[in-house]
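Visitor: Have a look at this one.
The values are calculated or read from the model by the stated rules, or taken from the named source; none is laboratory data. From a predicted model like this one, the values you see are computed outputs, not experimental measurements. When we count neighbours, we look across all protein chains shown, and the Cβ atoms used for this are built from the backbone with ideal geometry, even at glycine. To get the accessible areas, we keep the full protein, side chains included, count just its heavy atoms, and leave off ligands, DNA and RNA. Shrake-Rupley method; radii C 1.70, N 1.55, O 1.52, S 1.80 Å.
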Amino acid sequence: MKRSRPLLAATVVALATSLAASGCSQVVDLFTGDDPVFDSALPADEREVPGPAYVLDADRARLATPSGSVTLGALSAGAWTRDGHFLAVGADDLRLVAPTGRVVRTVERDPADPELGDLRWDSFSLTPNAASFLSYAAPLRIELYAPDLTGHRVIDVPADAIATDQLDPGSVSDAELHLHGDPITLDGVTWVEWSINSEDDTKTDHGVLRITGEGEDLEVTEVLRNEPVVRLLPAHDGSALLVLRQRNGSNEDCGGCVVEQDLVELDPATGEVAAEYGMPPGYDRHWRVDAVDKVGDTVAVRFERRIREVEEDLADDDVEDQDVHELQLWTYDGEWTHVQAQDGTAVRWLEGGALVRTVLPGAGRSEAGAYRLHWLPDGVETVDDAGAELLFDGRSDRRCERFEERSWCPAAITPGTLLPRG
């Protein structure tokens, strides 16, 4: 994907930009996809968080909303609920924080209770109707709450719900059955990846579970068995479940290997692949998927490329070393379109406008490299226009650490969709 000069527009006027202008290298037609966008039956929650709202995630995370700002303390992770509250995930507690900064509800885990396992939530997702958690200390357990942290329930997946001959009961084998990845709950159905955790590379069974009901009515169904699933990706409004897959290399998400990937959508009623969207023309494995969304009948994918470029002047043996951090947004509505106006930026659409995170040169390879965060109220199109509000500047903010020409800044946790509604 050829890098364009960043145009800091927060509109999607460029949706009609010609694909031919992208100039990507290593074209692989296999990835382009030609399926129509799947008409999912999942309901869409169209509530939007009033903007500007964001959290700067550092040692003492800071929440900012139109109601003011407040220090949250240390976070393990966090996410925004659809009504504008922030779910702060700590090592041993969950806190629901109102836009005013008031803590609405706290859930603490009791280390003395063996049923609760380790004091960690190792992975989680927040969808419009559920907050879903996994702890690796309880390898076959999913904990579910409503987004307001009420209605706690536990799903214990029976080990015999998964068919595999790679576990030997009573043996000294180190192979164990584990759930992993972010559990996703959409419209009452929970989806989670499973695999055999073993030092033996021949034990590679894996897949995805579709889970409904509870107690005696619990139903666990295997889907995508031994398919090369990398990540389950729900639409922000809960209207779709997309899956990032690998297209070559190992059949598993193989650690540090970097291989081509593609995007599909599942039929939520069956767990079968309902549509294959592939990847944009010219996609290559150096472009990683940063975020995925679906708004109406359009899928949006934000790609990211982080590499280190080394240029040598053979005349005087000078070496120039620089980190390259690029962002691109592409949409799919039956064909792929490059939204060039957003090159170099990560845009999230909220009620009242858009948050625009702009990558700054010399950002470094850290996931929280130097950036600027702007709020563009409705009617303001670029960060250079009157009315654009600078919320954070990675070039001057004291919370950023600097070493030589590189900067590392607290990551911004932002709500919102990748595309505007309407």
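Visitor: Regarding segment 255-273, can at least one residue be identified that is under 17 Å from residue 182 (Cα atoms), of a type in the set (Val, Ile, Thr) and modelled with pLDDT of 95 or more?
Guide: So far as segment 255-273 goes, no, none of its residues is under 17 Å from residue 182 (Cα atoms), of a type in the set (Val, Ile, Thr) and modelled with pLDDT of 95 or more.
Visitor: Take segment 152-180 and flag every residue that is part of a loop (DSSP other than H, G, I, E, B), open to solvent by 30 Å² or more (accessible area, probe 1.4 Å) and modelled with pLDDT of 90 or more. Don't jump to the end; show me each part of the working.
Guide: Step one: list which residues in segment 152-180 are part of a loop (DSSP other than H, G, I, E, B), which gives 152, 157-158, 162-175.
With open to solvent by 30 Å² or more (accessible area, probe 1.4 Å) added as a condition, the list becomes 152, 158, 163-165, 167-174.
Passing the criteria: 152, 158.
Visitor: Then there is this: Restricting attention to segment 385-392, does a residue exist that is closer than 21 Å to residue 60 by Cβ, open to solvent by 10 Å² or more (accessible area, probe 1.4 Å) and at pLDDT 95 or above?
Guide: Scanning segment 385-392, I find at least one residue that is closer than 21 Å to residue 60 by Cβ, open to solvent by 10 Å² or more (accessible area, probe 1.4 Å) and at pLDDT 95 or above, so the answer is yes.
Visitor: Would you check if there is a residue in segment 363-382 being modelled with pLDDT of 95 or more, on the phi > 0 side of the Ramachandran plot, surrounded by 15 or more Cβ atoms within 10 Å (Cβ to Cβ) and assigned to a strand (DSSP E or B)?
Guide: No - not one qualifying residue is present in segment 363-382.
Visitor: Follow-up question, since we're still on this one. Among the residues of segment 79-98 satisfying the criterion of being more than 15 Å from residue 146 (Cα to Cα) and at pLDDT below 95, which is least open to solvent (accessible area, probe 1.4 Å)?
Guide: 90
Visitor: Of 35, 113, which residue is open to solvent by less than 70 Å² (accessible area, probe 1.4 Å) and either modelled with pLDDT under 80 or assigned by the TED database to the domain that holds residue 123 (or both)? Quick ask: steps written out before the conclusion?
Guide: Numbers: 35 fails: either modelled with pLDDT under 80 or assigned by the TED database to the domain that holds residue 123 (or both).
None of the others qualify; the one that does is 113.
Visitor: Okay, next question. List the residue pairs whose Cβ atoms are under 6 Å apart, where the first residue sits in segment 213-230 and is more than 16 Å from residue 177 (Cβ to Cβ) and open to solvent by 70 Å² or more (accessible area, probe 1.4 Å), the second is modelled with pLDDT of 90 or more and of a type outside the set (Asp, Glu), and the two are 6 or more positions apart or on different chains.
Guide: 219/212; 219/213
Visitor: When the residues of segment 202-231 are narrowed to those that are assigned to a loop (DSSP other than H, G, I, E, B) and polar (S, T, N, Q), which ends up modelled with the lowest pLDDT?
Guide: 202
Visitor: Take the conditions of a type in the set (Asp, Glu) and farther than 26 Å from residue 154 by Cβ and apply them to residue 290. Does it pass?
Guide: Yes.
Visitor: Mind telling me which of the residues 304, 276 ends up being assigned to a strand (DSSP E or B), over 18 Å from the mean Cα position of the chain (by Cα) and surrounded by fewer than 20 Cβ atoms within 10 Å (Cβ to Cβ)?
Guide: After ruling out the rest, the residue left standing is 276.
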